[in-house]
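**Student:** I have a structure here, written as structure tokens, and I will follow up with some questions on it.
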Amino acid sequence: MSEHGLERRQFGHRARLALPPALAFKADDQAHAARTMWNCLHAWWQMMPKEKRTLANADAVIRQARKDVEFLAVLPAQAAQAVLKTYFQAWKNCWDGRADAPTFKGRFRSVMSVDIPQGRDLQIKRVHRRWGMVSIPKVGRVRFRWTKDLPVGKNADGDNRITGARLVKDALGWHIAFRVQTLEVASEPHQGPEVGIDAGVNLPLALSDGNHHNHGRPPRLPDGTADRDKWLSPQEKAKLLRLEQRAAWRKRHRKPGERASRRLHRTYDQIKQLRAKATRRATDWQHKTTTAIARQYGTVVVEQLTIANMVKSAQGTVEEPGKNVKQKSGLNRSISQEAWGRTIAMLTYKTARQGGTLHKVPTPGTSQRCSACGVTTPGSREDQATFVCKNPDCGFEANADWNAARNILHLYRMGRALIPAAGRAVARRARRVKPATAR
């Protein structure tokens, strides 16, 4: 929304909580109660006839359940209402074709989370340069890492405030994700240059002007296999290898049908912590890199990638087995680690916030076309990293990703940018409108 040069902005900010063990157990109990509440709602939905599946009846059911089941009472009433609204919204998304039908949430495969719908319940206060305090209903007053200025205290008003939060637990512990609403001055159109970006494996982000961005970690090991732990230090890689060997040994000595021991679960938790640490480092690099690009360039052009098709297995079938299956598997792993989709999503909202624009162009031909002479010749890709034009009159040689980035920018300048889905819908509606006939 824009009013008098101002725009209303909503975003999230995630911070790490410093929960003592006793309070961490309370947060765990609330998360398990929220998951159980979801499963009870889903069971109720399946048992009830269609005419009785209403929001009022479901609200009465969860209110009675919180009175009858002591375990569910640890969940605050507002959090229980949030579970109810989220469940009904999941069915609306299913009916609109945006998602699959809701299912039961398993204990180990679902994310532990608790919603805090009301921002006034948080009572946020900054107590130190690096720490803040927040009140969590039925948990207590806890500290969190202060890494971003939030609209609290004197800085909070009707337009700049925290509207709610959500507790989320991952392998590194509990975090709180604030929902922030601000009213800011609308950004002026970005006057920066145009740039084409090609997302690759050997070079993560190749820019058409040569200002490439590399995270300094080789995508492959000396033996040519993909390095799945490139975001970990050598000491952390050695520790991860020891933990994986320990888990395999303990799992091998477990009898068939026997439950996993606490020691095995503890080893799995340590492995998850190292994996989560690597993911956080990769995400941090993506945030810093995309922010720098959005501030420097006014127009960013990327490819319309279908990543799901790019990472399909080459194994084939029994009748028609695939070729180079191991090499394709390593390439798929490298593509998944780079998280191209997340990078494009970050660029989309960051360029818009800086007043710039992001455009997408078709993918076919960007890797084979020579950006110097414009001719596409077979065999121009010597390997994964080098492009050599086979045109006798050209002979252009450069990094393959940089050549693709120049082709991406060329497609945009030639008017080949794709229309977003919303724009296509508007164009279809405009074509359906019949012109008025003169009387």
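The values are calculated or read from the model by the stated rules, or taken from the named source; none is laboratory data. Note that the structure is a prediction, hence the values are computed from the model and not measured. Every residue, glycine among them, receives a Cβ derived from its backbone with ideal geometry; neighbour counts consider all protein chains shown.
**Student:** Tally up the residues in the stretch 1-33 that are part of a helix (DSSP H, G or I), closer than 14 Å to W174 by Cβ and of a type in the set (A, V, I, L, M), please.
**Tutor:** Here the count works out to 5.
**Student:** A further question follows. For the stretch 111-219, give me every one of the strands (runs of 3 or more DSSP E) that falls completely inside it and has 1 or more residues that are without any contact (Cβ under 8 Å) to a residue 40 or more places away in the chain and in contact with a strand residue (DSSP E or B) (Cβ under 8 Å, 6 or more places away or on another chain).
**Tutor:** 131-136, 140-145
**Student:** Further question on the same structure: Would you confirm, using the coordinates I've provided, whether D383 is in a loop (DSSP other than H, G, I, E, B) and not small (G, A, S)?
**Tutor:** Yes, satisfied.
**Student:** Closer than 25 Å to G216 by Cβ, part of a helix (DSSP H, G or I) and in contact (Cβ under 8 Å) with a residue 12 or more places away in the chain - does that describe any residue in the stretch 261-271?
**Tutor:** Yes, because at least one residue in the stretch 261-271 is closer than 25 Å to G216 by Cβ, part of a helix (DSSP H, G or I) and in contact (Cβ under 8 Å) with a residue 12 or more places away in the chain.
**Student:** Hey, could you check the stretch 359-383 for residues that are crowded, with 20+ Cβ neighbours inside 10 Å and not charged (D, E, K, R) and say which is farthest from M414 (Cα to Cα)?
**Tutor:** S380
**Student:** Sticking with this structure for a sec: Just to verify a result, which residue in the stretch 283-312, among those that are small (G, A, S) and surrounded by fewer than 17 Cβ atoms within 10 Å (Cβ to Cβ), is farthest from G356 (Cα to Cα)?
**Tutor:** Top of the filtered list is A308.
One line per residue, one yes/no per condition, for (1) more than 20 Å from T283 (Cβ to Cβ); (2) over 26 Å from the mean Cα position of the chain (by Cα):
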{"residue": "R166", "(1), (2)": "no, no"}
{"residue": "H175", "(1), (2)": "no, no"}
{"residue": "I197", "(1), (2)": "no, no"}
{"residue": "V201", "(1), (2)": "no, no"}
{"residue": "L205", "(1), (2)": "no, no"}
{"residue": "N211", "(1), (2)": "yes, no"}
{"residue": "L232", "(1), (2)": "no, no"}
{"residue": "R246", "(1), (2)": "yes, yes"}
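**Student:** Kindly establish whether A238 is hydrophobic (A, V, I, L, M, F, W, C), farther than 30 Å from Y412 by Cβ and at pLDDT below 85.
**Tutor:** no
**Student:** Further question: Pick from the stretch 373-404 the residues that are acidic (D, E) and free of Cβ contacts under 8 Å to residues at least 24 places away in the same chain: which of them is farthest from N214 (Cα to Cα)?
**Tutor:** Ranking the candidates gives D393 first.
**Student:** Additional query: Which condition breaks for L84 when tested against (1) in contact (Cβ under 8 Å) with a residue 60 or more places away in the chain; (2) assigned to a helix (DSSP H, G or I)?
**Tutor:** So L84 meets the others, but not (1).
**Student:** Can you tell me which residue among A372, A398, A405 is in a strand (DSSP E or B), at pLDDT 80 or above, within 24 Å of A199 (Cβ to Cβ) and small (G, A, S)?
**Tutor:** None of the other options fit; the residue is A398.
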